[in-house]
1. Give me the number: length gained by fully extending Asp89 to Arg368, i.e. 0.36 nm times residue separation minus the C-alpha to C-alpha distance, one decimal in nm.
2. Quick check of the Kirkwood formula: for the stretch 16-190, what is the inverse mean of 1/r over all pairs of different Cα atoms, in Å?
3. Using only DSSP helix segments of four residues or longer, with each worth -39500 (n - 2.57), what per-residue ellipticity at 222 nm results for the chain after dividing by its residue count and rounding to 500?
4. Counting just the Cα atoms, what span does the stretch 121-234 cover along each of its three principal axes? Round to the nearest Å and put the largest first.
5. Please sort 357-364, 108-115 by packing, taking for each peptide the average over its residues of neighbouring beta carbons within 10 angstrom, highest first.
6. List the pairs from Lys119/Lys276; Lys64/Lys114; Lys114/Lys178; Lys276/Lys333; Lys86/Lys138; Lys114/Lys138 whose alpha-carbon separation is above 18 Å, in the order I gave them.
7. Could you check the spin-label model distance between Val166 and Lys61? Points 7 Å from the Cα along Cα→Cβ, value in nm.
8. Quick one: Kirkwood hydrodynamic radius for the chain, alpha-carbon pairs, angstrom, one decimal?
Amino acid sequence: MAEKLAGNTYLTRNVGDFPEEITAGTRKFIKNDDLRYGTNPHQPAAFYTPAGGHGALADMKTLKNGKSGLSQTNLEDISGALNIVKYFDKAACAVMKHVNPSGAAVMRDGETLKDVYIKARDCDARAAFGSVIAFNVKVDAATAEEIMSTFCECVVAPAYDEDALVIFNDQERFKLNKQIRILQCGDIASLPKFVGDDPDGRFNTFKVLCDGTLVVAAPLLTNVRSAEDLPAASGENKACGPQVSTVEPTPEQMEDLLDAWYINISVRSNGVIIVKNGQTLAVGTGEQDRVGAVEQAIEKFKQKYQGPNSLEGAVMSSDGFFPFYDAVEVAAKAGIKALVAPSGSLKDADVIKRANELGVVLRHAPERVFSHH
């Protein structure tokens, strides 16, 4: 019998129909819970954790629940947000909406955790309405107070101050957020980050295709462990000969380029990230062409960014190579001064030459980080 949810919306199968155990290859998974629903309210779903395993989500505890449990999209947003903040030794925050970051930020000198959250939220405060927010450090009371000033679905962090939990549970003061879910994640440090971190395939991904066939793939990890892994771009072709990026970045630009690269790993391709002072100023995502992703990000900044920064002097990461130098020209015209992207284009030399002419830093990453989720 179908279960009625609201209006004429029904679940087409019973919530409890999912088996208690499933096996994929050599891995066994135990059902943790039936979910509120899957991607949409008429799709039932269940959450499974590895048998005998531990992890950031597997060990997650609910400190405050809403009127109902988590949905598949909530879990995907939690996963995506933790997948961003795991890369940073400094305090970091990611704000996720529909399995893409609407904004992310990393602490800079003199900032508080509240400042970091505001930077992440105000990249796109409109999209942040009803979002999932993740931190890689303990959440304090001042940050909790700021979070409760706007509507949020979930907050996930490794720990919370007692005063912060009091604020999150104050339903009289914060009626808008009375259903907010507060979650304590497991060990973020256990998540793989770099190529080679998953030798046993524990974090392999599974994609079920339209006819039930299955693709198993290694997780999307990076070879970029530090800014030293982002060398000056170089390339050669018959038209331009050998070319090397000659514009030297500042230390601040390199820090922002590294931040932008790590954030881009969790953005749906084609994706570009614009960053300044540890803050995403715009997230361009889901475009089918590279220059379109750059144009989208710049337009989103103009329409949606809230804060003191401008694009002048910002940096940008691209999850794939620049097939032509048009994207570099668009970025430079907007004031962006440093770029990171993988190599691989037949016109890499043309792109490097044009970046030099425009006075723009161009660094090459050692891999492409497309994410087609």
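Quick note: the coordinates plus some simple rules give every number you see, no bench work behind them. Bear in mind that the values here come from a model prediction, so they are computed numbers and not experimental data. Backbone-built Cβ (ideal geometry, glycine too); neighbour counts: all protein chains shown.
1. 98.1 nm
2. 16.5 Å
3. My calculation for the chain gives -7000 deg cm²/dmol from helical runs alone.
4. So the extents along the principal axes, rounded to whole Å, are 53, 44, 28.
5. Ranked from most to least packed, the peptides come out as 357-364, 108-115.
6. From Lys119/Lys276; Lys64/Lys114; Lys114/Lys178; Lys276/Lys333; Lys86/Lys138; Lys114/Lys138, over 18 Å: Lys64/Lys114; Lys114/Lys178.
7. With each label placed 7 Å out from Cα toward Cβ, I get 2.0 nm.
8. Result for the chain stands at 21.7 Å.
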